[in-house]
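Reading through the structure tokens given below for one structure.
Since every read-out is calculated from the coordinates, none of them should be taken as a lab result. The structure presented is a predicted model; accordingly, all values stated were derived computationally and were not measured. So basically every Cβ, Gly included, is an ideal-geometry build from the backbone, and we count neighbours across all protein chains shown.
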Amino acid sequence: MNNKSGSLVAVAAAVVIAVFIFGSSYNSLNSAKIEVETQYGQVENQIQRRADLIPNLVSTVKGYMQYEERVLTEVTEARTKILNAETPDAKNAADGELTAALGRLIAVSENYPALKSDTHFTELMREIAGSENRIAVARRDYNSAIREYNLEVQNFPGNIFAKIFGFKEMNQFEAEEGAHEVPQVNF
């Protein structure tokens, strides 16, 4: 084997290795991005499940809470916002509003013993509590997927390929400002 053919083999091997590294890095970044999208779909699914329960809850509560129209309106408006939100950040903000409105509704319902003993109301509240738990789990899984994706985008050599292929870091779900405060309910 002469030097010319040896050089060609070395160049061909280098090209094959480079293509493999580029392809592997792209596939890894793309897989991480798809996992993030899948996990976000689960968050949306659970938020939709809760939103679907709200009209039944509002309808059940209306008969008992004749003087609490403002609270029912807030819940209905927050539900509309969450259904119309198109980005994860917008959905997160709308979800915070809905959670706060539901908190006020639950606090106000304490003044209606007949409502609290209504089996339909009790079952709806149990379903909504279950939905809240599912949303929390889905958010945790989503944030975990984002963490893995962001590690791929930030760490070497993924950070080089992320720039080449246009992959950018993503934001995790975070608690809205004021989420740690107890909602104020005035009668």
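Here the stretch 103-150 is treated with +1 on each Lys and Arg Cβ and -1 on each Asp and Glu Cβ, and its dipole about the Cα centre works out to around 180 debye.
In this calculation the C-beta distance from ALA10 to ILE164 is compared with R0 = 30 Å, giving a FRET efficiency of 0.80. Listed by chain and number, the lysines placed with their C-alpha closer than 19 angstrom to that of LYS81 are LYS91; residues fewer than eight positions away on the same chain are left out.
In the stretch 84-165, taking the dipole from charged Cβ atoms about the Cα centre, the farthest positive-side position among ILE106, HIS120, ALA85 is held by ALA85.
Within the straight-line cut-off of under 17 Å between alpha carbons, the lysines reachable from LYS168 are LYS33, sequence neighbours fewer than 8 places apart in one chain being disregarded. Averaging the sequence gap over all C-alpha pairs within less than 8 Å and six or more residues apart, then dividing by the number of residues, gives the chain a relative contact order of 33 percent.
Rounded to the nearest Hz, the phi-derived 3J(HN,Hα) couplings of the stretch 142-158 under the Karplus curve 6.51 cos²θ - 1.76 cosθ + 1.60 (θ = phi - 60°) are 5, 4, 5, 5, 5, 4, 4, 4, 4, 5, 4, 6, 8, 7, 6, x, x, where x marks glycine and proline.
Label the chain by shape, choosing from rounded, prolate and oblate, from the square roots a ≥ b ≥ c of the eigenvalues of the Cα gyration tensor; if a/c is under 1.5 it is rounded, and otherwise prolate applies when a/b is larger than b/c, oblate when it is not.
Working: a/c = 4.76, a/b = 3.86, b/c = 1.23.
Prolate shape, in that a/c is at least 1.5 and a/b is the bigger ratio.
Report note on the peptides 158-171, 136-149: ranked by the mean count of other C-beta atoms within 10 Å, highest first, their order is 136-149, 158-171. With R₀ set to 35 Å, the beta-carbon distance separating VAL19 from ARG147 gives a calculated FRET efficiency near 0.75. Between ASN56 and GLU86, full extension at 0.36 nm per residue minus the direct alpha carbon distance yields a gain of 8.4 nm.
What is the helix-to-structure angle for 3-62, meaning the angle in degrees between its Cα long axis and the longest Cα principal axis of the chain, kept from 0 to 90 and rounded to the nearest 10? Helix 3-62 sits at roughly 0 degrees to that axis. Each Lys and Arg contributes +1 and each Asp and Glu -1, all at the Cβ; summed about the Cα centre of the chain, the dipole is approximately 680 debye. Between the residues MET65, TYR142, ASN155, the greatest Cα displacement towards the positive end of the dipole of the stretch 52-184, with unit charges on the Cβ of Lys, Arg, Asp and Glu, is found for ASN155.
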